[in-house]
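Asker: Sharing a structure below in structure tokens format, with a few things to ask.
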Amino acid sequence: MGAGHDGTTASIGFGGDGAESEDHTGSGEPRVVVIGGGIIGCMVARELADTHRVLVLERDGIAQGATARAAGEITMIPSYPDYPSIATHGLDFFRSYDGTGAFEFAEIPSVELVTPEREETVRARVERQRGNGADVAFIEADDAREQWPGIDMDEFVGVARYHGTGHVDPYTLATTVQSEAAEAGARFETDVSVTKVAVAADGDEVTGVETDQGFIACDHVVAAAGWRTRDLLAPHLQLPVRPYRTQCIVLRPPEDLPASFPMGWIPGEHVYFRPEANGDLLVGGWSFAENDPDGASRSADEAFRDHVADLVPRFVDSPGAMRLVDGWAGVDGATPDTRPIIDAPADAPDGLIVATGFHGRGIMTSPIAATLVRCLLEGSDPPFPRDPFELDRFEDRSPDFEFVSISAGN
């Protein structure tokens with residue numbers, strides 16, 4: 001591609017047919033390097049590949065990091081109740097993309113199980129969210145038992161029910177999106193580590209990226225490397241992002257969960273749950289800040305398994321004990337307000353776009369990120385507000401903030 005600072009030349013090139021090319025100007029369209037081959041990088045590549053020359057660089061394999069360890073929940077409405085246009089944009093994508101290749105979007109309701117001490121707070125929140133256009137309602141305990149017989153309501157006075165939610169298989173989504181991006185001309189290179197974003201001598205604009213295979217010139221860099229993005233961009237930009245670890249386990253009940261079994265969560269218990277396609281139960285959460293993300297275990301902790309074993313009988317109406325069949329853990333990036341940073345910050349070098357800190361919502365927010373990255377790159381207006389994702393919403397950009405767990409459900 002081009003000469004690096006040490007005189008080496010990368011063997012990686014742009015070009016829709018995968019061939020090397022000495023002419024990188026093409027029709028004058030920007031050349032874009034996307035750092036990170038998770039769901040965000042794949043979705044951005046799909047979005048841009050039809051009009052831009054895109055190269056995705058991934059240090060491991062496609063969708064092998066946080067994406068592969070995600071639960072795949074799509075809860076746009078409860079996650080963005082104050083921005084209905086954001087929720088609608090994301091939900092519309094998953095509904096329309098359902099059936100593409102092997103990808104499926106299982107749309108089912110989500111329920112927040114409400115204890116007596118939280119009833120007044122939740123009822124007020126439901127009315128406020130309904131006023132913002134969210135499809136949410138408070139369902140009394142007796143009605144909830146009738147609608148969802150697999151839920152044990154003995155400890156709860158009702159549920160806050162959200163429609164427009166569901167779940168996907170994260171790996172299938174990522175590989176389907178990647179395949180479409182590649183067919184449109186995007187290049188994907190794995191086992192390539194980006195070591196630095198290179199900028200001009202005056203620091204005003206991006207010139208390319210340094211990798212363990214040499215220097216690659218480009219006009220735009222989309223930094224979507226998860227929690228690693230903060231350190232990668234540290235010479236140019238401070239980001240309030242810190243790594244955290246989250247977990248999932250899958251339980252097999254004596255009998256398959258009812259077909260009507262919903263997704264949901266219990267505030268204060270640090271878990272969420274959803275049915276699997278085969279009738280099993282997935283329980284995720286137990287999210288805490290992680291000081292050693294590279295060395296963090298990728299297996300579910302005994303403490304989490306014990307917590308779930310105590311909790312599940314309190315809300316699942318099962319004829320017997322459930323059996324543990326799988327468990328895993330992953331590391332993602334968190335922000336102080338739990339929402340991602342998708343921005344081309346004013347104090348960053350021109351040509352740099354940041355997409356990080358998805359705080360466990362990367363799968364569901366990926367179509368939002370892709371649309372916004374295109375708008376940032378082309379200077380157009382997105383069909384939803386940008387301000388929830390802008391870096392300057394944080395007065396303090398220190399990464400030493402108090403971690404807020406969205407799995408706490410509060």
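Asker: Report every pair of residues separated by at least 6 positions or lying on different chains whose Cβ atoms are under 7 Å apart, first residue within the range 175-204 and closer than 22 Å to Phe215 by Cα, second open to solvent by 40 Å² or more (accessible area, probe 1.4 Å) and of a type in the set (Val, Ile, Thr).
Answerer: Note: pairs meeting the criteria are Ala198/Thr207; Val199/Thr207; Ala200/Thr207.
Asker: Right, here's the next one. Name every residue in the range 375-392 that is touching a residue at least 60 places away in the same chain (Cβ under 8 Å), part of a helix (DSSP H, G or I) and buried (at least 20 other Cβ atoms within 10 Å of the Cβ), in order of residue number.
Answerer: Leu377, Leu391, listed by residue number.
Asker: If you don't mind, another one. Does Thr338 meet the test of being in contact with a helix residue (DSSP H, G or I) (Cβ under 8 Å, 6 or more places away or on another chain), closer than 22 Å to His89 by Cα, hydroxyl-bearing (Ser, Thr, Tyr) and surrounded by fewer than 19 Cβ atoms within 10 Å (Cβ to Cβ)? Full working, then the answer.
Answerer: Values: in contact with a helix residue (DSSP H, G or I) (Cβ under 8 Å, 6 or more places away or on another chain): yes; closer than 22 Å to His89 by Cα: yes; hydroxyl-bearing (Ser, Thr, Tyr): yes; surrounded by fewer than 19 Cβ atoms within 10 Å (Cβ to Cβ): yes.
The answer is yes for Thr338.
Yes/no per residue for (1) among the charged types (D, E, K, R); (2) closer than 23 Å to Ala70 by Cβ:
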| site | (1), (2) |
| --- | --- |
| Arg298 | yes, yes |
| Phe304 | no, yes |
| Ser318 | no, no |
| Met322 | no, yes |
| Ala355 | no, yes |
| Ser366 | no, yes |
| Leu376 | no, no |
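Asker: Here's something else I'd like to know. Can you tell me which residues in the range 146-163 are under 27 Å from Gly99 (Cα atoms) and open to solvent by 10 Å² or more (accessible area, probe 1.4 Å)?
Answerer: Kept after step one, since they are under 27 Å from Gly99 (Cα atoms), are these residues of the range 146-163: 148, 161-163.
If the condition is that a residue be under 27 Å from Gly99 (Cα atoms) and open to solvent by 10 Å² or more (accessible area, probe 1.4 Å), then Trp148, Arg161, His163 are the ones that fit.
Asker: Could you grab me the full set of residues in the range 128-153 that are of a type outside the set (A, V, I, L, M, F, W, C), modelled with pLDDT of 95 or more and assigned to a helix (DSSP H, G or I)?
Answerer: Answer for the range 128-153, where residues must be of a type outside the set (A, V, I, L, M, F, W, C), modelled with pLDDT of 95 or more and assigned to a helix (DSSP H, G or I): Asp142, Asp143, Arg145, Glu146, Gln147.
Asker: When you go through (1) in a loop (DSSP other than H, G, I, E, B); (2) open to solvent by 50 Å² or more (accessible area, probe 1.4 Å); (3) of a type outside the set (Ser, Thr, Tyr) one by one for Val325, which number turns out not to apply?
Answerer: (1)
Asker: If the requirement is being modelled with pLDDT of 95 or more, buried (at least 19 other Cβ atoms within 10 Å of the Cβ) and closer than 30 Å to Ala201 by Cα, which of these qualifies: Leu237, Leu251? Working first, answer last.
Answerer: Values: Leu251 fails: closer than 30 Å to Ala201 by Cα.
One residue alone meets the criteria, Leu237.
Asker: Additional query: Would you point out which residue out of Val209, Val199, Val222, Val271 is within 30 Å of Phe138 (Cα to Cα) and either at pLDDT 95 or above or surrounded by 22 or more Cβ atoms within 10 Å (Cβ to Cβ) (or both)?
Answerer: On the way: Val209 fails: within 30 Å of Phe138 (Cα to Cα); Val199 fails: within 30 Å of Phe138 (Cα to Cα); Val222 fails: within 30 Å of Phe138 (Cα to Cα).
Going through Val209, Val199, Val222, Val271 in turn, the sole match is Val271.
Asker: Only residues in the range 223-243 that are under 14 Å from Asp294 (Cα atoms) count as the first member; pair them with residues that are of a type outside the set (Lys, Arg) and in a helix (DSSP H, G or I), Cβ under 7 angstrom, at least 6 apart or cross-chain, and list the lot.
Answerer: Ala225/Leu232; Pro243/Trp227
Asker: Next question. Any residue at all in the range 104-111 that's open to solvent by 10 Å² or more (accessible area, probe 1.4 Å) and part of a helix (DSSP H, G or I)?
Answerer: So the first thing to find is which residues in the range 104-111 are open to solvent by 10 Å² or more (accessible area, probe 1.4 Å), and the list is 104-109.
So of that shortlist, the ones also part of a helix (DSSP H, G or I) come out as none.
No; the residues of the range 104-111 include none that is open to solvent by 10 Å² or more (accessible area, probe 1.4 Å) and part of a helix (DSSP H, G or I).
Asker: Condition test on Arg298, is it basic (Lys, Arg), crowded, with 17+ Cβ neighbours inside 10 Å and under 19 Å from Ala225 (Cβ atoms)?
Answerer: Working: basic (Lys, Arg): yes; crowded, with 17+ Cβ neighbours inside 10 Å: no; under 19 Å from Ala225 (Cβ atoms): yes.
Criteria not met by Arg298.
Asker: Determine the pairs where a residue that is under 15 Å from Ser179 (Cα atoms), located within the range 94-107, has a partner that is among the aliphatic types (A, V, I, L, M) and buried (at least 18 other Cβ atoms within 10 Å of the Cβ) with Cβ atoms under 6 Å apart, the partner being 6 or more residues away or on another chain.
Answerer: Within 6 Å, the pairs are Phe103/Leu173.
Asker: Scan (1) open to solvent by less than 60 Å² (accessible area, probe 1.4 Å); (2) without any contact (Cβ under 8 Å) to a residue 60 or more places away in the chain; (3) over 30 Å from Val199 (Cβ atoms); (4) among the charged types (D, E, K, R) for the single condition Arg305 breaks and write down its number.
Answerer: Condition (1) is where Arg305 drops out.
The values are calculated or read from the model by the stated rules, or taken from the named source; none is laboratory data. No experiment lies behind these values; they were computed from the predicted model shown. Note that we place each Cβ from the backbone using ideal geometry, even for glycine, and neighbour counts take in every protein chain shown. When the accessible area is computed, the model is the full protein with side chains, heavy atoms only, and any ligands, DNA or RNA have been set aside. Shrake-Rupley method; radii C 1.70, N 1.55, O 1.52, S 1.80 Å.
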